[in-house]
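What follows is one structure encoded as structure tokens, with my remarks underneath.
Each value in this text was obtained by applying a stated rule to the coordinates, not by laboratory testing. Note that the structure is predicted; figures quoted are calculated from it, not measured. Every residue, glycine among them, receives a Cβ derived from its backbone with ideal geometry; neighbour counts consider all protein chains shown.
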Amino acid sequence: MSRALKVLQAGPYISVQDEGRPGWLRSGIAMGGAMDARALEEGRLLVGNERGLAALEMLGLGGRFEAVGGPLTLALSGADFAAQIDDNPVQPYHSFTLQPGQVLDIGAAKNGNYGLLSIAGGIDVKPVLGSRSTHIRAGFGGFGGRPLQQGDVLPVGKAGEQASDWSLVSNTSQSDEKIRMIWGVQASLFGEEERQRFIETRFLVTHELDRMGARLATDAAPIRSKKALVALSGAIALGDIQVIGSGRPVVLLADRQPTGGYPRIGTIIAADLVNFIQRPAGAGVRFMPVSQEQALKAYRQMHARRAELPGQLVKTFGDPFESHRLLSHNLISGAVGSVTKTNDKDRS
Amino acid sequence: MQSAGAYELPRLSMVGEALLVVEFGAGLSPQINDIVIAFDRFMQDNPLNGLLESAPMSKSVVLRFDPLLVSPEQFGASVKDVFTPFYVATNTSILPPKRWRFPVCYGGETGPDLAKIAARTSLSQEEVIAAHQSMVQRVLMIGFAPGFLYTGMLPDLFELPRLPQIKPMVAAGSVCVAIGQTVISATPNPTGWHVIGRTPFRNFDPARDPPVVIGAGDELAFYAIDQQQYADLRESAKMGVEQTGREAKT
């Protein structure tokens, strides 16, 4: 019998996601893919998957899951979700085994928004337009083109060597309200005073956040552009900050519309996107303009750090709590030392 | 190739770290859109180092590249280097467009804003429909949502502002007008445009190969169908579109 993950209960926003669906911009389709690309990569390494396999992305709330047809190797990454198997807590950033008959219960996010549940072998749904990512708005990809529901049985691909008891040090808690951005081509539509006010304003993340975008709020007067609408639609980048009629910014994210006609004041740099999307409702956000060169430097650093992740995997034995305590106290092995050192600086 | 409204040379601007927008003119005109579509084709036929994908917009081409392979400066310079060969090539090789007969069930429940446009312009609904079909429309771009078509330009009476209130959701196949253009959705979407009808055709179907059939540069000749025909065409696989120009089956 082939192995599967059965959904006994599901939070409202759990979907199958992978690295996304590049190359379809000319067909009106943004790349999509996991909101927290770094956590997807971390989860992939923790369960020993090759690139390109799909995981489950959870927004705010997890669910209850059961292994069917054999044991599954799983790992949680991204935002820290309370989780347990039967009555035993499960640590994030640590791969573990779920035996048939056991129930994995993932609760609410304790910090951040987006968590990933990675599975050795990946969620084995059929790729659509080259990706297993769910495009919820258009209803295709992933599992039936929709968020998961109670009773869904997700096929799991063939796993290589079982890879439980690997750990990485999480750096999700390193969240900062300073978000670096580059001024956009349309920034001039706002005038210098409004631009200055924009970077001096402390915005708050609202509950209106999902895979398409995140709306920000402020008590300050609305940010006004000279023109409410740019006449013609142009391409929208991941992380574009759109300021619509209400004068409140909306940050456009993975499942955004790929083109639009409303003025965009700037773009969050790629290296700060994970930090931004993990800011929970109520958290503050301040935009800090940087140059194209600084953005590019940060982009290269982000990729260099991701390339170092495989070397930071640590095999842990026995009680994962003990291992985690050791990791957190930096008491074992030089490799761990370098992890925590990187961690101090790395927000990317 | 240069025409009214076109820039002397295309303007390059970066969006984020990995998108370069090549803008050919300040305003929209068929001539500028022609150049856009030709440049997009040129980019696909002559890919630059680091180019990941090219997509035509109304008056610009968006190039996504890998900033780990080429810096924005290098990439921008290589784009500028191809302008001359591009313009030379384009003068000799503009393909005739594909043309499609495109069915629309106008007015009624599926086109609730048709009556309002008629009232606003002191025309009958039949006259508005006739005006909408009076000129072959060019597909300016696909954007906003999967397979979502922007076409233009319509007669002046369709120079309407967009609605003050966004409609939270309109059905797949909605045919909507504003600012002299028609947009046609393939999936349910919010819209700020005036909904005048619905087509049985869906320009996006992930189960079809290719998933998107009609592309930028193609031409649409709208024709009216009634509700019964709409229902019949939804049932059939063909959905009423028929290619009549370039490469059409004889």
Scale the Cα Rg of the protein assembly as shown by the rule-of-thumb value 2.2 N^0.38 Å and send over the ratio, two decimals. 1.02
Give me the percent relative contact order of segment B:127-199, please, defined on Cα pairs under 8 angstrom at least 6 residues apart. 29 percent
Quickly work out the B:Ala207-to-B:Asp226 label distance, labels modelled 7 Å from Cα along the C-beta direction, and quote it in nm with one decimal. 3.1 nm
Computed helical MRE - 222 nm, chain B, DSSP H runs ≥ 4 contributing -39500 (n - 2.57), nearest 500: -7500 deg cm²/dmol
Across A:Lys110/A:Lys297; A:Lys178/A:Lys297; B:Lys116/B:Lys167; A:Lys110/A:Lys178, pairs whose alpha-carbon gap is larger than 27 Å: A:Lys110/A:Lys297
Within a Gaussian network of chain A (alpha carbon springs, distance under 10 Å), most fluctuating of A:Leu116, A:Leu216, A:Leu129: A:Leu129
Peptide-level mean, for A:25-38, of C-beta atoms on other protein chains within 10 Å: 5
Sequence-distant or interchain residues sharing an amide H contact under 5 Å with A:Ala82, placed H: which? A:Gly107, A:Ala108, A:Lys110
Enumerate by residue number the trypsin sites (Lys or Arg not before Pro) in segment A:82-189 meeting two conditions: DSSP loop (anything except H, G, I, E, B), and at most 12 other Cβ atoms within 10 Å of the site's Cβ. A:Lys158
Over the residues of segment A:162-225, compute the C-alpha Rg and express it relative to 2.2 N^0.38 Å. 1.65
Ranking request for peptides B:145-154, A:15-24: highest mean number of other beta-carbon atoms within 10 Å first, then the rest in descending order. B:145-154, A:15-24
Taking every residue in B:138-151, how many Cβ atoms of other protein chains lie within 10 Å of its Cβ, on average? 6
Which pairs in the list A:Lys6/A:Lys126; B:Lys59/B:Lys238; A:Lys126/A:Lys158; B:Lys59/B:Lys98 are over 24 Å apart, alpha-carbon to alpha-carbon? B:Lys59/B:Lys238
Which whole-number percent gives the relative contact order of segment A:51-210, counting Cα pairs below 8 Å spaced six or more residues apart? 24 percent
For A:Glu308 and A:Ser246, what does the FRET efficiency come to when R0 = 41 Å and r is the distance between their Cβ atoms, rounded to the nearest 0.05? 0.45
MRE, 222 nm, helices only [DSSP H, n ≥ 4, -39500 (n - 2.57), over chain A, to nearest 500]: -5500 deg cm²/dmol
Where does helix A:191-200 land angle-wise versus the long Cα axis of chain A, in degrees 0 to 90, nearest 10? 30 degrees
Report the dimensions of segment A:178-290 along its three principal axes from the alpha-carbon atoms, largest first, rounded to Å. 33, 29, 25
Shape call for segment B:98-244, from the Cα gyration tensor axes a ≥ b ≥ c (a/c under 1.5 means rounded, otherwise prolate when a/b beats b/c, else oblate), comes out rounded
Compute the angle between helix A:292-308 and the longest alpha-carbon principal axis of chain A, please, reported from 0 to 90 degrees and rounded to the nearest 10. 0 degrees
For segment A:69-84, in order, what is each residue's ³J(HN,Hα) by Karplus, 6.51 cos²θ - 1.76 cosθ + 1.60 with θ = phi - 60°, in whole Hz (x at glycine and Pro)? x, x, x, 10, 9, 10, 8, 9, 9, x, 4, 7, 9, 5, 8, 8
Scan of chain B for GluC sites (Glu not before Pro) in DSSP loops with at most 15 other beta-carbon atoms within 10 Å gives a longest site-free stretch of B:1-158
Mind running the shape call on segment B:6-60? Use the C-alpha gyration tensor, a ≥ b ≥ c as the square roots of the eigenvalues: rounded below 1.5 for a/c, prolate if a/b tops b/c, oblate otherwise. oblate
Can you give me the Kirkwood hydrodynamic radius for segment A:38-194, using every pair of distinct Cα atoms, in Å to one decimal? 17.0 Å
Give me the net charge of B:Gly147's neighbourhood, meaning all other residues with Cβ under 11 Å from the Cβ of B:Gly147; Lys, Arg count +1, Asp, Glu -1. +2
Starting from the Cα of B:Arg234, step 7 Å toward the Cβ, then list every residue of segment B:190-206 with an amide N under 14 Å from that point. B:197-202
Can you tell me the relative contact order of chain A? Whole percent, Cα pairs under 8 Å, sequence separation 6 or more. 19 percent
Directionally averaged projected area (convex hull, Cα atoms, chain A), nm²: 17.3 nm²
